[in-house]
1. What does the helix-only formula give at 222 nm for the protein assembly as shown: each DSSP H stretch with n ≥ 4 adding -39500 (n - 2.57), the total divided by the residues, and the result rounded to the nearest 500 deg cm²/dmol?
2. What Cys residues in the protein assembly as shown have no fellow cysteine's beta-carbon under 4.7 angstrom?
3. Using r as the Cβ-Cβ distance of A:Arg10 and B:Phe2, and R0 as 56 Å, what FRET efficiency do you calculate, to the nearest 0.05?
4. Highest mean first, what order results for B:13-19, B:74-80 on Cβ atoms within 10 Å?
5. Dividing the alpha-carbon radius of gyration of the stretch B:3-112 by 2.2 N^0.38 Å (N being the number of residues), what value is obtained?
6. For a label point 7 Å from the Cα of A:Thr171 along Cα→C-beta, name the residues of the stretch B:48-89 whose backbone N is under 18 Å from it.
7. To the nearest 20 debye, what is the magnitude of the charge dipole of the stretch A:1-143 about its Cα centre, counting +1 on the Cβ of each Lys and Arg and -1 on the Cβ of each Asp and Glu?
8. How much length is gained on full extension from B:Asp48 to B:Ala93, taking 0.36 nm per residue of separation minus their Cα-Cα distance?
Amino acid sequence: MSNVATFDTRTEANIPVESPLAYSYRRSGTPAVTTASRVVLKERALLGHLILRGGAIVLDEALREELGINLPGQPQGLVLDASGERSVQWLSPDEWLIIVPGGEEFELENRLRARLGDAHYSIVNVGGGQTVLELSGEKAREVLMKSVVYDVHPSHFPVGKGVTTVFAKATVIIRRPTEDCWELVVRRSFADYCYRWLLDAGEEYGIGVAK
Amino acid sequence: MFYIYCPYCGEHREEEEFHPKGQAHIVRPKEPESCSDEEWGDYLFFRDNPRGIHHELWVHAVGCRKFFNITRHTVTYEILETYKMGEQPSITAETYAPQSSESEAARVAKQAGVRA
Ligand SMILES: [Zn+2]
């Protein structure tokens, strides 16, 4: 076990917790999802996000033991567990993003630290700094085509791929966990901007916000 | 659209994701204290400005955020290769042979306003 000081960012204290988009919902509204909505936006707020850095071989072994998921070794790889609730994504040759259901991240971090011991690695909880926006619906890809410089055609962006790229002058991680859903991991401080951008870009497709 | 191949991401990516960081392969003096002012000044401030082959440091800023090197032709702007940090270029000013000397001359002529 390493001697790194860790702490659980979720306290037992009774503090009201708001999603990064709480302000945007109040200020910009939440267009309802109707039968005419060909794009649906849904925030998956307050998930557990961990950045894992180190050598692929050591991390892969630890991750398979503790999370039951292989570390994606190939660039732009995204691997999900059977439930689709937990994922690991390649970000750079020595860096991966783990997303787990909110509340699991601290325990997972501790288990990984215990298993990795004195190996050369780092785990950082970045859950407070970013949030996940989910786009679905037949026109989801059209909305992305207006927003990102990356080619999101299915032949170039199959399920199981994730990239970091430019989204409307901001930075975004785009992921394709399933056939009909796109995930955008955005900075918390850019969440309002991205939300309003998506409402604008999706207006012509009758975008609705699911809560 | 203008694409650059990132050797770490293993695919071509939009130029907007990258930033140039100047001349590549600049080695920091091992013992700065024993450098003369001229040697240290050369290291800090003086860069090559060749007409032709140039090795440059770039960063995939919105992407994998890794630094890598590009061999670029400063007259045609053509990117001849990209390679990882720590690697050496396979194309240098000494080894570079344009596909056709005529077309190269024509391309240079088009850039007549450019002077090294
Ligand atoms: Zn890259």
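Where a number appears in this text, it was derived from the coordinates with a stated rule and is not lab data. Everything quoted here is computed from the prediction, not taken from an experiment. Note that we place each Cβ from the backbone using ideal geometry, even for glycine, and neighbour counts take in every protein chain shown.
1. Values: 7 runs with 67 residues, N = 327.
The helix-only estimate for the protein assembly as shown comes to -6000 deg cm²/dmol at 222 nm.
2. Unpaired cysteines in the protein assembly as shown: A:Cys181, A:Cys194, B:Cys35, B:Cys64.
3. Values: r = 45 Å, r/R0 = 0.80.
After rounding to 0.05, the efficiency reads 0.80.
4. Values: B:13-19: 18.3, B:74-80: 15.0.
The densest-packed peptide leads the list: B:13-19, B:74-80.
5. Details: Rg = 16.1 Å, N = 110, 2.2 N^0.38 = 13.1 Å.
Here the answer is 1.23, to two decimals.
6. Counting backbone N atoms under 18 Å from the label point, the list is B:58-68.
7. On the way: 14 positive and 20 negative charges, 123 e Å.
Taking the Cα centre of the stretch A:1-143 as origin, the dipole is about 600 debye.
8. Numbers: separation 45, 0.36 × 45 = 16.20 nm, distance 1.27 nm.
Going from the current span to full extension adds 14.9 nm.
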